[in-house]
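One structure is given below, encoded as structure tokens.
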Amino acid sequence: MVFENTENYFWQSSRIRLRPMRSDDWELRHQESTDSEGFRRMNYTVELPKSPDMDQEWVERGIDFKEKDTRLMFSIESLSGELVGGINLGGRDQKNGTFSFGLRTFRPYRRKGYAEDAVRIILRYAFHELRFQKCNSSCIETNRASITLHKKLGFKEEGIRRRTIYTNGKYHDEILFGLTREEFDGSVQDKNE
């Protein structure tokens, strides 16, 4: 679906928009299940093979924000309506005002700025609408694209958990990142100048 008159639409950037998951989103997700290295970078393991039914069931749980108490799952689509990935806002700790996110950009759509735009929208929503004060995130040391994205968004490297991830026959470090609301607001200001 292509929207018209989206000048003030919160969930859209100049490249992408976030939308609720739809039942047909499972098809591309299932095609992407063969990207074992992508899943390894994201989930720190190789996933078992999935049937179409398994991916359909997974998508069904996210439709209409059914799991909103644990995470808000969005599909990322290009402005022309192509499904390019997914993002979720999770790890919400109301008491301490912290949250995290999970992100997946499908292979043909990587390195086009879609991930950066999707994360910025999620950060803006969490900081400016939900009143969270800090985003905590992490990635495996071998995920150069994620490290670059975090730094580009203004995240600070807060530490390393040494040898906590075992995958592909080796132990790897986990890099910890954090971004406060004030840092996010400063990075958005810098980008607009």
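The values are calculated or read from the model by the stated rules, or taken from the named source; none is laboratory data. Everything quoted here is computed from the prediction, not taken from an experiment. Here the Cβ positions follow ideal geometry from the backbone for every residue, glycine too, while neighbour counts run over all protein chains shown.
Scan segment 37-71 residue by residue and report those that are without any contact (Cβ under 8 Å) to a residue 60 or more places away in the chain and of a type in the set (Gly, Ala, Ser). Steps first, please.
First pass over segment 37-71, keeping only residues without any contact (Cβ under 8 Å) to a residue 60 or more places away in the chain: 37, 39, 43, 47-71.
Hits for segment 37-71 are Ser51, Gly62.
A quick yes/no check of all residues on (1) outside any strand (DSSP E or B); (2) in contact with a strand residue (DSSP E or B) (Cβ under 7 Å, 6 or more places away or on another chain); (3) hydroxyl-bearing (Ser, Thr, Tyr):
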| site | (1), (2), (3) |
| --- | --- |
| Ser14 | yes, no, yes |
| Gly38 | yes, no, no |
| Met73 | no, yes, no |
| Gly86 | no, yes, no |
| Arg92 | no, yes, no |
| Ser100 | no, yes, yes |
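Looking only at segment 16-36, filter to residues that are free of Cβ contacts under 8 Å to residues at least 60 places away in the same chain and in a loop (DSSP other than H, G, I, E, B); which one of those is surrounded by the most Cβ atoms within 10 Å (Cβ to Cβ)?
Ser33
Residue-by-condition table, conditions (1) over 13 Å from the mean Cα position of the chain (by Cα); (2) more than 26 Å from Arg29 (Cα to Cα):
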site: Phe101; (1), (2): no, no
site: Ile140; (1), (2): yes, no
site: Lys152; (1), (2): yes, yes
site: Asn168; (1), (2): yes, no
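Looking only at residues in segment 167-188 that are hydroxyl-bearing (Ser, Thr, Tyr) and buried (at least 17 other Cβ atoms within 10 Å of the Cβ), which one is modelled with the highest pLDDT?
Thr180
Going by what's in this entry, would Ile160 be described as surrounded by 13 or more Cβ atoms within 10 Å (Cβ to Cβ), at pLDDT 95 or above, over 15 Å from the mean Cα position of the chain (by Cα) and not aromatic (Phe, Trp, Tyr)?
Judged against the criteria, Ile160 is a match.
Quick one: is Ser13 of a type in the set (S, T, N, Q), touching a Lys or Arg at 6+ places or on another chain (Cβ under 9 Å) and within 23 Å of Lys134 (Cα to Cα)?
yes
In segment 40-71, which residue that is of a type in the set (Asp, Glu) and outside any helix (DSSP H, G or I) is surrounded by the most Cβ atoms within 10 Å (Cβ to Cβ)?
Within segment 40-71, the subset of a type in the set (Asp, Glu) is 47, 53, 55, 57, 60, 64, 67, 69.
Now restrict to residues that are outside any helix (DSSP H, G or I): 47, 67, 69.
Values: Glu47: 12, Glu67: 14, Asp69: 8.
Checking each candidate, the answer is Glu67.
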